[in-house]
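Let me begin by presenting the structure, written as structure tokens, before commenting on it.
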């Protein structure tokens, strides 16, 4: 059995400008499922909503696998993938607040953090920088929230599991919200570091995703 040839790590991380890729199509599908999920939760059709979130989670998994395995990582995908996650989180938390499953302060904490990041994005844009890359801590926070809220929906669909699902769902929700804001503070620090110096070139300023990835990902 021949030894596998090693390939440079940077080859696997090439990000293209392509639009029509399978991962992008899966991310677009996830975004289209958001209003479906929202309507189902508001209507109290919790089992159907859980099926939608399972389909979304599977497409999210396939999205990442295909993008890396077949070198289909794109700039558009880097925007669509986290956008789909955030939209699902927003849809779930707002719908559950309307149904009084979670209090409205949870909505304020989660949505407020993304408004905060939006303000940072405007500051970066004024200094000629693009969006910051997603921090690992932000990924963990998004993961916690992305699965915390459906776990709460699970308790609504099957009341018999609520004594178990509700504590787990709330633990993920509170921990995810805390990490969400912790990551936000890190983004604030990175924004201050970037805006306190003059960009060396227009290409550096316009591609913050590439310029800052090493310093942020460690």
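What follows is calculated from the coordinates using simple rules that are stated; it is not laboratory data. Here the structure is a predicted model, which is why all the values come from computation and not from measurement. Here the Cβ is made from the backbone with ideal geometry for all residues, glycine too, and neighbour counts use every protein chain on show.
For this structure, a couple of remarks:
- Note on residue 83 and residue 58: the extension gain reaches 7.4 nm, defined as 0.36 nm multiplied by sequence separation minus the Cα-Cα distance.
- Residues 192, 113, ranked from the fewest to the most other C-beta atoms within 10 Å, line up as 192, 113.
- In summary, the convex hull built on the alpha carbon positions of the range 15-217 has an orientation-averaged projected area of 11.5 nm².
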